[in-house]
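Accompanying notes for the structure given below.
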Amino acid sequence: MNNETVYNPSEIESKWYQYWLEQKHFASSPDEREPYTVVIPPPNVTGVLHMGHMLNNTIQDVLVRRARLLGYNACWVPGTDHASIATEAKVVARLAEQGIDKRSLTRETFLKHAWDWTHEHGGIILEQLKRLGASCDWDRTAFTLDEDRSRSVIKVFCDLYESGLIYRGVRIVNWDPKAQTALSDEEVIYREEHSKLYYLRYNIEGSDDFLTIATTRPETIMGDTAVCVHPEDPRYQQYIGKHAIIPIVGRAIPIIADEYVDREFGTGCLKVTPAHDINDYNLGQKHNLETIDIFNDNGTLNEKGGAYAGMDRFDVRRKIAQDLQTAGLLIKEEDYTNKVGCSERTQVPIEPKLSMQWFLKMEELAGPALEAVEKDEVRLIPAKFKNTYRHWMENVKDWCISRQLWWGHRIPAWQCDDCGEMTVSETDPTECAHCHGKHIHQEEDVLDTWFSSALWPFSTLG
């Protein structure tokens, strides 16, 4: 008989949880009962439980236990996400502490370090869930990078490619100069930053007149290919169709008109840098402007940066402001507070950048997803979020699904050195599917973690 008068959770909870596991109380296999299935949103393999996990896992556990008591065949599937950027960042940091630069390693050697890290840290969250008493079917534990999940990811990629929904092309992406990879919009967090608004003098070609342009990013003027004003702005009507001279750079660029320009912001004149701003890129496409990419992948300026080539973008900002001041082309500076997009994982400001990437066409996929919610086949709780969901689906952009990393599902595409075509295959090909040449090499990029996470509710259940 136990005569203890004080509840001892360490002894009681672990004893009874182990008993539940031995009795297979949480195990589930299909039978005649009505199924009730919850697939755990997979937490990052690198992490530990935080209060958000505690809250949503508790809710899941309550729902699953209730269903079990009501006679449903309740199945709660546990698992973890390989978290491409987060895990690679952790591994790169640990290697750096050992004096090892990732770039000095082969892909295979780096992946060995990544798997070592995963085996070392990957079970922490699952053990914490067990300690909380989560009634998961632990025999079903899955990992987004395990063999079954990997096979489903490759199959779906190939199916989507063959159906014309996946394509490869050069487009503006969110670029992380520290991790040196593209990011999704969801991986960009916006922080309020106290910066400067620089008012620059753009002389009118063949005239003593000039336009004043306000910008927070004077370091990008080498990539300017137009000045844009509003077509109905009376201040600038006489300049439309003429050319302005980029300060310091000395290159003449056209002055164009577009209703996109906000006449109330700054001076109502906009410098257009199509390679380094998504809105400028859209303007450039509309007006057939040249696109000049001035940045290297690490955030330094390339050879198109002229005298500033090789310098970090923020060092250039300070230096070019000084040079503009010396040349009499900086009219004034103002304190300015704006929101700057930063990488969620590395914390550095992202750089909008033209890059060759893989994309998934979203419009065709968003249609059925929106229809299901509009018809209440899928219900959102509370219902007011139907409007938010509708806004998302109606304004969805093509999804950049490639990442310039090594940890993750490597894209199953092979470039042919002979004909330049791409072969996409579930199995490793030995020759080009187009010209049958033997000189092929696999794409280096991996898929965005969310590509495999999106398949999680299906891949975990076969």
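The values are calculated or read from the model by the stated rules, or taken from the named source; none is laboratory data. Treat the numbers as computed from the prediction; the structure is a model and nothing was measured. In this analysis, Cβ positions are derived from the backbone assuming ideal geometry, glycine residues included, and neighbour counts consider all displayed protein chains. Keep in mind that these areas ignore ligands, DNA and RNA; they rest on the heavy atoms of the full protein, side chains included. Shrake-Rupley method; radii C 1.70, N 1.55, O 1.52, S 1.80 Å.
Laid out as a table, the results:
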quantity: Output for the stretch 338-356, where each listed residue is farther than 21 Å from Gly223 by Cα and part of a strand (DSSP E or B); calculated: Asn338, Lys339, Cys342, Ser343
quantity: Qualifying residue in the stretch 236-248 (condition: open to solvent by 50 Å² or more (accessible area, probe 1.4 Å), in contact with a strand residue (DSSP E or B) (Cβ under 8 Å, 6 or more places away or on another chain), assigned to a loop (DSSP other than H, G, I, E, B) and not basic (Lys, Arg)); calculated: yes
quantity: Restricting the stretch 246-293 to residues that are of a type in the set (Phe, Trp, Tyr) and in contact (Cβ under 8 Å) with a residue 40 or more places away in the chain, the residue that is nearest to Asp323 (Cα to Cα); calculated: Phe265
quantity: One residue from Ala67, Ala74 being assigned to a helix (DSSP H, G or I), of a type in the set (Gly, Ala, Ser) and either in contact with a Phe, Trp or Tyr (Cβ under 8 Å, 6 or more places away or on another chain) or surrounded by 13 or more Cβ atoms within 10 Å (Cβ to Cβ) (or both); calculated: Ala67
quantity: Residue match in the stretch 256-273 (condition: within 16 Å of Trp175 (Cα to Cα), of a type in the set (A, V, I, L, M, F, W, C) and under 26 Å from the mean Cα position of the chain (by Cα)); calculated: no
quantity: Some residue of the stretch 297-306 being within 28 Å of the chain's Cα centre (by Cα) and within 19 Å of Ile253 (Cα to Cα); calculated: yes
quantity: Test: residue in the stretch 8-17 that is under 32 Å from the mean Cα position of the chain (by Cα), at negative phi and open to solvent by 20 Å² or more (accessible area, probe 1.4 Å); calculated: no
quantity: The listed residue being within 19 Å of Asn338 (Cβ to Cβ) and not in a strand (DSSP E or B), out of Gly266, Gly284; calculated: Gly266
quantity: Subset of the stretch 80-125 [crowded, with 19+ Cβ neighbours inside 10 Å and closer than 21 Å to Trp16 by Cα]; calculated: Ile125
quantity: Residue that is nearest to Tyr198 (Cα to Cα) [pool: residues in the stretch 335-346 that are surrounded by 15 or more Cβ atoms within 10 Å (Cβ to Cβ) and of a type outside the set (S, T, N, Q)]; calculated: Gly341
quantity: Close pairs from the stretch 10-30: first more than 16 Å from Thr141 (Cα to Cα), partner of a type in the set (Gly, Ala, Ser), Cβ under 6 Å, at least 6 apart; calculated: Tyr17/Gly133
quantity: Among the candidates Glu232, Glu186, Glu147, residue that is in contact with an Asp or Glu (Cβ under 9 Å, 6 or more places away or on another chain), among the charged types (D, E, K, R), without any contact (Cβ under 8 Å) to a residue 40 or more places away in the chain and surrounded by fewer than 16 Cβ atoms within 10 Å (Cβ to Cβ); calculated: Glu232
quantity: Answer residue from the stretch 31-57, given it is among the hydroxyl-bearing types (Ser, Thr, Tyr) and at pLDDT 90 or above and is farthest from Ala142 (Cα to Cα) among those; calculated: Tyr36
quantity: Among (1) within 21 Å of Glu334 (Cα to Cα); (2) part of a loop (DSSP other than H, G, I, E, B); (3) open to solvent by 10 Å² or more (accessible area, probe 1.4 Å) - the single one Thr212 does not satisfy; calculated: (2)
quantity: Filtered residue count, the stretch 314-334, keeping only those that are in contact with a Pro (Cβ under 8 Å, 6 or more places away or on another chain) and over 13 Å from Tyr198 (Cα atoms); calculated: 1
quantity: Search result, residues across the stretch 408-429 that are farther than 26 Å from Arg149 by Cβ and without any contact (Cβ under 8 Å) to a residue 12 or more places away in the chain; calculated: Gly420
quantity: Condition check for Ala226: in contact with a Pro (Cβ under 8 Å, 6 or more places away or on another chain), surrounded by 22 or more Cβ atoms within 10 Å (Cβ to Cβ), among the small types (Gly, Ala, Ser) and touching a residue at least 12 places away in the same chain (Cβ under 8 Å); calculated: yes
quantity: Any hit, the stretch 347-364, residues being open to solvent by 40 Å² or more (accessible area, probe 1.4 Å), under 20 Å from the mean Cα position of the chain (by Cα) and within 30 Å of Glu431 (Cβ to Cβ); calculated: yes
